[in-house]
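Accompanying notes for the structure given below.
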Amino acid sequence: MKFTVQEIADLIKGTVDGDPKTEIHKLSKIEQGEPGSISFLGNPKYTHYIYQTRASAVIVNHDFEPEQTINCSLIRVENAYNAFAMMLEAYNNLNREKSGISKYAAIAENAETGDNCFIGDFVSVGEHVKIGSNVKIYSNTSIGDNVVIGDNTILNAGVKIYNDCHIGNNCTLHSGVVIGADGFGFAPQSDNHYAKVAQIGNVILEDNVEIGANTTIDRATLGSTIIRKGVKLDNLIQIAHNVEIGENTVIAAQTGIAGSTRIGRNCMIAGQVGIIGHLEIGNNVKIAAQSGISTNVPDGAIVMGSPAFEISNYRKAYVYFRSLPKLADRISVLEKKFKGEQ
Amino acid sequence: MKFTVQEIADLIKGTVDGDPKTEIHKLSKIEQGEPGSISFLGNPKYTHYIYQTRASAVIVNHDFEPEQTINCSLIRVENAYNAFAMMLEAYNNLNREKSGISKYAAIAENAETGDNCFIGDFVSVGEHVKIGSNVKIYSNTSIGDNVVIGDNTILNAGVKIYNDCHIGNNCTLHSGVVIGADGFGFAPQSDNHYAKVAQIGNVILEDNVEIGANTTIDRATLGSTIIRKGVKLDNLIQIAHNVEIGENTVIAAQTGIAGSTRIGRNCMIAGQVGIIGHLEIGNNVKIAAQSGISTNVPDGAIVMGSPAFEISNYRKAYVYFRSLPKLADRISVLEKKFKGEQ
Amino acid sequence: MKFTVQEIADLIKGTVDGDPKTEIHKLSKIEQGEPGSISFLGNPKYTHYIYQTRASAVIVNHDFEPEQTINCSLIRVENAYNAFAMMLEAYNNLNREKSGISKYAAIAENAETGDNCFIGDFVSVGEHVKIGSNVKIYSNTSIGDNVVIGDNTILNAGVKIYNDCHIGNNCTLHSGVVIGADGFGFAPQSDNHYAKVAQIGNVILEDNVEIGANTTIDRATLGSTIIRKGVKLDNLIQIAHNVEIGENTVIAAQTGIAGSTRIGRNCMIAGQVGIIGHLEIGNNVKIAAQSGISTNVPDGAIVMGSPAFEISNYRKAYVYFRSLPKLADRISVLEKKFKGEQ
């Protein structure tokens, strides 16, 4: 990449303070700026770096007023963070542009692929698969029979999608994601062994879903495990059979959700949370890291602990937990005094 | 699939109440039944759905007595749930039938494969591997040298088995499973760095074992990590080197078992449990979700907590934990009263 | 393998007590020794086995003094454990020797590979990749564009490395590892949906790093996620974007570290630990299993709990947690007595 400060300002709808002709060929953090790089100042905590940075240009908010001399060019925009995110995106697209179908891909004859797809080496595409336009499928990915994949979706290297699953438009699945493995369903038999319950449902990812590396989403026993539009799942998450996750809910790494639980919209679930099966979690719920959820959670609740309860009550209880030896001492003192007195 | 109600009744050894000629082409949940589908009524909680369902037929227990008009055909069997599971299985087998060896597979010349195997695209089979009959190996799976795989076993897409490991008969390994990676063994050296301890053992899965997606089972340092017959492991589980898991034990997702721990038969271990190394866990043990096990557990124990102890004691203690601020207030009140009195 | 006891003694710089010509063709644990195998006695707890073992030879420390008759040959060395580890390593190298490039590999024309590399079936190597000497890359591994891999590094089957990442010398990555997937970065928008923040940084693994099966290390938003030399990570660990882990730190399975946290040198972090983002963890820190770290941790601290605090204080508090019902009873008794007295 090579652009002038003015070209970048035009792209992000900003105005230039300083030399518009300075050449930029790199993005950097403000604290690690190098000549030829452009950075941004979003968080006021980082303001002091702008007076020392070696970056050639910094994107700032419209109302930024320097209190010392500044050695770089400034590009003023309405929201510096959003403008920089836009640049990251543009840079990313420049660098990851791929197209064409590898001669090492194995695509079933009756599979359909849309316009302008990239299909990498050793990708296996099963019978009757339908792949939309502008889809990118990186190497060593496996797609089972009858899978449907929407437009503009990216499957990174080594994704595995079992038969009959549906992936929406504008989704990104990271490496090692497994969509549609059998739900964990076994019927106990009289002699202590378990008989497998076949899992004949599927998984549906709606549009704009992102799934982190090595996350697993199991197929439903019957019907569908459903991830609604705009959901973002981090790495190494477990979603069991027949779960449903509502729109725009985000879940951090290593959280697990057991079978048939339904999660509402706009929830924020932190990392390493466990949620047992057959629960209803409301909308706009927040769950703190490592919590264990064993009962339904109403809309808007914020909970913590294992089992979890209201977060400020948890925190108060935990303060006393830490000082339990002192509480016990106070009881002992009272007991002795009481005895002495009698 | 297309069957009449009578044909299905014959298959599952049931008797028909209603029209035996109705055509069925789909399985459904009773609450989501559609014309042309068959469903089942297992759990009495769902009985009210049978009076509204649009399913064409419902499998019920012999002794079911309707209390309102029913619009669908009934098939009466001894155990409706088991009969439906049998149908799921039959349906599943119809849909997943695969055979033949992909021209894109790489199989070592000295590897042996039994009758009627399916080997998918980009499967790599190492030197001296022995594969039984009716084995299905889906795409992008890697099998190291000297691996042995029993009859009727299924390796889903992207399974990785390191050299020298043994997989039994009738096993199912889901996508992304890793069998036989090196155990985590390092010897601390005087300058703070660690020297690797080579791990030259293997992993043995006995018959009828199912392993969930992205679960990892490490090879033994010496000898074998052993998963006994009938064990069912869910997704994203970690089994460290030299662990042994007894027959018919089931373990839920994201649980981790550290090195050399031995787990007994018929245990039920919930999700996100951690068990430290070199422990003995007895038979018929139950461990609640998110528990941390740091000592041996005797036969039949039911435990919870981190560190875990007997579950009803844990629950009682947790009730008081939640009300710790109140307990502390009661101590303060006593202290004040006592002071006031003196 | 087939060696005499004398040949092995020469290799590990030991002296023989017994028949130097005995033939050895196998390594075994002392409690499972078989004729023809060699074992070792490191831990004094196992000393009683040496009087019963059927192993043909046992490696012992120089100063070992038998108290009963011994039926096997002994090889005396300075450190029996280290000598045996050396033998394990030698045995492992004999068995895993692989070289050559599979005709089923897809290597970009402008990629470079060093001397004596092994590249297995269905390995995809991207544009401008640089691979050092003596590198072994097993089947179904995917390497993105511009990746650099140092000398003597091993990538096991099914590793996925995204574009622009750097892997050092003498590293081992186990199956299913994902290096360089996008960090979990999304900017909340006014209508509740999230806009993706492109992640254009990379991951750097320095030398002598080992990464366990299915562990994921995300690329930085900008700059690098850095794993310093000698770090050992177990299976199923999550390392988020912009994290830095100091030299010779070891982390057990299923631990997760959130974005931008920096971890010092020589730390020991147990399994299933969660560490939130933007923290500073000092050098020589120890963290107990299942702990949750939500604040900075100073050098040398040993912590436990969720949220974690100093380990001996945690253990004391937990003792009282277990007996909370009794503490509550003591308060009730005091309240009654006090009331009765007034």
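The values are calculated or read from the model by the stated rules, or taken from the named source; none is laboratory data. Everything numeric in this text was worked out from a predicted model, so none of it was measured. Heads up, the Cβs are rebuilt from the backbone with ideal geometry, glycines too, and the neighbour counts pull from every protein chain shown. Side chains are part of the model used for accessible areas, which takes the heavy atoms of the whole protein and leaves out ligands, DNA and RNA. Shrake-Rupley method; radii C 1.70, N 1.55, O 1.52, S 1.80 Å.
With its label point put 7 Å out from Cα toward Cβ, B:N71 sits 8.0, 8.0 nm from the same residue's point in the other copies, in order from shortest. Between A:N313 and B:F338, the modelled label-to-label distance comes to 2.9 nm, taking each label 7 Å out from Cα in the direction of the beta carbon. Relative to the 2.2 N^0.38 Å rule of thumb, chain A has a C-alpha radius of gyration ratio of 1.32.
Antiparallel beta bridges, as assigned by DSSP with both residues in segment B:3-95, represent about 35 percent of the total such bridges.
Extending 7 Å from Cα along the Cβ direction at B:N43 and again at B:E89 yields two label points whose distance is 2.2 nm.
With the simple spin-label model, which puts each label point 7 Å out from Cα in the Cβ direction, the B:N296 to B:H193 separation comes to 4.0 nm. Estimated from helices alone, the mean residue ellipticity of chain B at 222 nm is -5000 deg cm²/dmol (sum of -39500 (n - 2.57) over DSSP H runs with n ≥ 4, per residue). Starting from the Cα gyration tensor of the protein assembly as shown, take the square roots of the eigenvalues, sort them a ≥ b ≥ c, and report rounded, prolate or oblate (rounded when a/c is under 1.5, otherwise prolate if a/b is larger than b/c, else oblate). Note, shape of the protein assembly as shown comes out rounded. Note on B:L11: accessible area approximately 100 square angstrom, rounded to 10, probe 1.4 Å, nucleic acids and ligands left out. Among the residues of C:123-136, the average count of other protein chain beta-carbon atoms within 10 Å of the residue beta-carbon is 2.
Ranked from shortest, the separations from the 7 Å Cα-to-Cβ label point of C:P35 to its equivalents in the other copies are 7.9, 7.9 nm. Taking all protein chains together, C:R54, A:R265, A:R228 sort by accessible area into C:R54, A:R265, A:R228, largest first [probe 1.4 Å]. Mean per-residue shielding of peptide B:84-90 is 5, counting Cβ atoms of other chains within 10 Å of each Cβ. Loop-located GluC sites (Glu not before Pro) in segment C:28-78 (DSSP state other than H, G, I, E, B) with a sparse environment of at most 15 neighbouring Cβ atoms within 10 Å: C:E67, C:E78. Averaged over the residues of peptide B:140-147, the number of Cβ atoms from other protein chains lying within 10 Å of each residue's Cβ is 6. Across segment C:162-280, C-alpha contacts under 8 Å between residues 6 or more apart give a mean separation that, scaled by the residue count, equals a relative contact order of 19 percent. Distances from B:K103 to itself in the other copies, using label points 7 Å out along the Cα-Cβ axis, amount to 1.5, 1.5 nm in increasing order. Applying 0.36 nm per residue to the separation of A:D207 and A:D10 and subtracting their alpha-carbon distance, the gain on full extension is 67.8 nm.
For the set B:I287, B:I226, the ranking by accessible area, highest first and with no ligand, DNA or RNA atoms included, is B:I226, B:I287 under a 1.4 Å probe. The mean sequence separation of alpha-carbon pairs under 8 Å and at least six residues apart, normalised by the residue count of chain B, gives a relative contact order of 6 percent. Pairs exceeding a 21 Å alpha-carbon distance, out of A:K326/B:K337; A:K130/C:K103; A:K337/C:K316; A:K2/A:K45; A:K160/C:K160: A:K130/C:K103; A:K337/C:K316; A:K2/A:K45. The Cα atoms of segment A:137-206 give a gyration tensor whose axes a ≥ b ≥ c have a/c of 1.5 or more with a/b greater than b/c, which makes the shape prolate. If R0 is taken as 41 Å, the Cβ-Cβ distance between B:D115 and A:E31 corresponds to a FRET efficiency of 0.05. What is the calculated FRET efficiency for B:Y81 to A:H278, with r their C-beta to C-beta distance and R₀ = 22 Å, to the nearest 0.05? Efficiency for this residue pair is about 0.85. Determine the shape class of segment B:3-95: with a ≥ b ≥ c the square roots of the Cα gyration tensor eigenvalues, call it rounded for a/c under 1.5, and otherwise prolate if a/b is greater than b/c, oblate otherwise. Note, shape of segment B:3-95 comes out rounded.
One Cα centroid belongs to segment B:183-247, the other to segment A:196-220; the line between them spans 27 Å. Rounded to the nearest 20, the Cβ-based charge dipole of chain B about its Cα centre (Lys and Arg +1, Asp and Glu -1) stands at 1320 debye. Of the beta bridges in the protein assembly as shown, as assigned by DSSP with both residues counted there, near 15 percent are antiparallel. In order along segment C:26-41, the phi-based Karplus estimate (6.51 cos²θ - 1.76 cosθ + 1.60, θ = phi - 60°) of 3J(HN,Hα) comes to 7, 9, 8, 6, 5, 7, 10, x, 10, x, x, 9, 10, 10, 8, 10 Hz; Gly and Pro are listed as x. Short-range pairs are left out: with C-alpha atoms under 8 Å and at least six residues apart, the relative contact order of segment B:3-95 is 27 percent. The largest accessible area among B:K286, B:K13 belongs to the first residue in B:K13, B:K286, and the rest follow in falling order (1.4 Å probe, all chains).
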